[in-house]
Amino acid sequence: VSPEPGSPQVAAALKGGRVTPTELCQRCLALIRSTGFLNAYITVAEETALKQAEESEERYRRGQPLGVLDGIPISVKDNFSTAGIETTCASSMLKGYISPYNATVVQKLLDQGAVLLGKTNLDEFAMGSGSTDGVFGPVRNPWSYSRQYQEKSVSKSHSEDEESNWVITGGSSGGSAAAVSSFTCFAALGSDTGGSTRNPAAHCGVVGLKPTYGLISRHGLIPLVNSMDVPGILTRCVDDAAVMLGSLAGHDPKDSTTIQDNFEPFELPDLTDVSKLSIGIPKEYNAPGLSSEILALWSKAADLFKNAGAKVIEVSLPHTRYSIVCYHVLCTAEVASNMARFDGLEYGHRSDMNESTESMYAATRREGFNDVVRGRILSGNYFLLKQNYENYFIKAQKVRRLIFNDFVKVFRGGVDILLTPTTLSDAVPYMEFIKEDNRTRSAQDDILTQAANMAGLPAINVPTALSERGLPIGLQFIGRSFQEKQLLTVAKWFEKQVKFPMIELEAVKRLDDGVFQHQKSAFS
């Protein structure tokens, strides 16, 4: 996507010396301060970021940058371990915890000269779909403060109404999505277990990529559901997501679930002919609760492909309707197992209760975890009880295989890419969102995204249009396993056709000189 007239891509600007990494870093830090009300960041690592920017500047001076990411400001969701910077998972359980090592993905970015601005906000331990349940408070969607939303917003006159009028970012990687959307960084890492990268990407009008399971290392990502977790990538355009993927993908000896083969980074071609493409429209994704606006946009997108010569066919993924229940069983069972490590002994919070080891364990967990986390641990342990194991856990594993086979059949039948909605509606106001509990919300919000996690497939949210309320709506493309290049190439073609509008934020305008921030693409 070409940026606004006269704004060179930031990587080219760094290379050409039109801006220094330090200037760029300072500008992003200033923006983080001026958009502090969004609550997108938990920790801002100002000192280390400026030091990294200085080192990058020295490399540019010598004419030896480490690559396209050198000097580029990025942010990381606060469930990735970062040496020397607090990692909290937005939980009292890990307040003050500093990891002794970097997650592989963080290390890879730093090795390529990226500047780490800070750690972004999330739902506690990434359990949620609103980024409203962390101990540091909810994240606000930057679009709540955009000209586009405010012009269409009903209650303009009452300041208290405006205060409660802001909409959620989606979750659980809401901080990362808000950070990218509000121009405070050029790319961010999220995590995606059931849609946690794609959902906030859709609500915040950014690109959210969930790669194939095993393509990117999970080492250092604090686990939620080991068999589904994938580090996610959030950027302002598809090309940038491809650049990030190229720098992160590949085998990691520290994660046995990563692919053995070498990953070849790729540049996305400009697709001019889509006539050889077969796009599948899964009828089960016309789910209860899907807004008429998104349904119409989905049809329009299918017509866009059809009119350009692609083959568009309705397909069936019959086990989709069981997937949310199946996901709930498998997710909570793995959560129960993963959360056992937080016992107050090795790291994190420890209760003062010292009557016995057992009472210390129990009190630590009661004080450290919120209700949502405790609820999932309880459910998971219930499903794993000896008398329930066969009926719940084993049965859910069998249903997961059936869901996986649905996708295999469709792709074997000649379909290249599936086109679906990402969310059921645009972002809802916070006051409305919190009327329902986390479990109900997550079950509704994950419905269109989590099947891709169960099957381990790559999927991407592409911002498509603004709703009648002036808020972003995204559509999702699901690809074949390890066919990221095809998936991203199609997503890039679609992005070019829809020309999603730029967010207009007052806070950004004041600090922006129109050259570096206000543009979609960072690298390409």
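The values are calculated or read from the model by the stated rules, or taken from the named source; none is laboratory data. Computed from a prediction, not measured in an experiment: that's the story for all the values here. Cβ: placed from backbone, ideal geometry, glycine included. Neighbour counts: every protein chain shown. For accessibility, only protein heavy atoms count, side chains too; no ligands or nucleic acids. Shrake-Rupley method; radii C 1.70, N 1.55, O 1.52, S 1.80 Å.
Between the listed residues Gly289, Ser217, Cys204, the Cα displaced farthest toward the positive end of the dipole of the range 178-298, a dipole computed from Cβ unit charges relative to the Cα centre, is found at Gly289. Computed from phi, the 3J(HN,Hα) profile of the range 330-344 under the Karplus parametrisation 6.51, -1.76, 1.60 (θ = phi - 60°) reads 5, 4, 5, 4, 6, 4, 4, 5, 5, 6, 4, 5, 8, 10, x Hz, with x in place of Gly and Pro. By accessible area, using a 1.4 Å probe on protein heavy atoms only, the range 275-408 has 54% of its surface on carbon and sulfur. Full extension of the chain between Gln497 and Ile313 gives 64.2 nm of extra length, using 0.36 nm per residue less the Cα-Cα distance. For the range 4-98, with all protein chains in place and a probe radius of 1.4 Å, 50% of the accessible heavy-atom surface sits on carbon or sulfur. Here's the picture: charge each Lys and Arg Cβ at +1 and each Asp and Glu Cβ at -1 in the chain, and of Gly250, Ala12, Ala455 the one pushed furthest to the positive end of that dipole is Ala455. Across the chain, the fraction of Cα-Cα pairs farther apart than 33 Å, rounded to a whole number, is 35%.
Enumerate the residues in the range 190-211 having an amide nitrogen under 19 Å from the point lying 7 Å beyond the Cα of Thr257 toward its Cβ. Taking a point 7 Å out along Cα→Cβ of Thr257, the residues of the range 190-211 whose backbone N falls under 19 Å are 190-199, 209-211.
In this rough spin-label picture, where each label sits 7 Å from Cα along the Cβ direction, the Ser227-Ala12 distance is 4.7 nm. Spacing of the modelled spin labels on Glu55 and Ser337, each 7 Å from Cα toward Cβ, amounts to 3.7 nm. Every pair of different Cα atoms in the range 1-113 enters the Kirkwood calculation, which places the hydrodynamic radius at 15.4 Å.
Cross-link partners for Lys283 among the lysines, with Cα-Cα distance under 20 Å and sequence neighbours closer than 8 places in the same chain left out: Lys300, Lys306, Lys311, Lys409. Straight-line cross-link partners of Lys254 among the lysines, defined as a Cα under 17 Å from its Cα and at least 8 positions apart when in the same chain: Lys108.
Once the Cα-Cα distance is subtracted from the 0.36 nm per residue extended length, the Lys386 to Lys283 segment shows a gain of 33.3 nm. Per-residue ellipticity at 222 nm computed for the chain from its helices equals -11500 deg cm²/dmol, with DSSP H segments shorter than 4 residues left out and the rest contributing -39,500 (n - 2.57). The ratio of the alpha-carbon radius of gyration of the range 366-524 to the globular-protein estimate 2.2 N^0.38 Å is 1.35.
Stretching Ala296 away from Ile98 to a fully extended chain increases their span by 66.6 nm, per 0.36 nm per residue minus the current alpha-carbon distance. For the range 175-203 and the range 356-415, what is the centre-to-centre distance using only Cα atoms, to the nearest Å? Taking the Cα centre of each part, the range 175-203 and the range 356-415 sit 25 Å apart.
Protein heavy-atom accessible surface, 1.4 Å probe, per residue over the chain: 39 Å². A convex hull fitted around the alpha carbon atoms of the range 364-422 yields 126 Å³ per residue.
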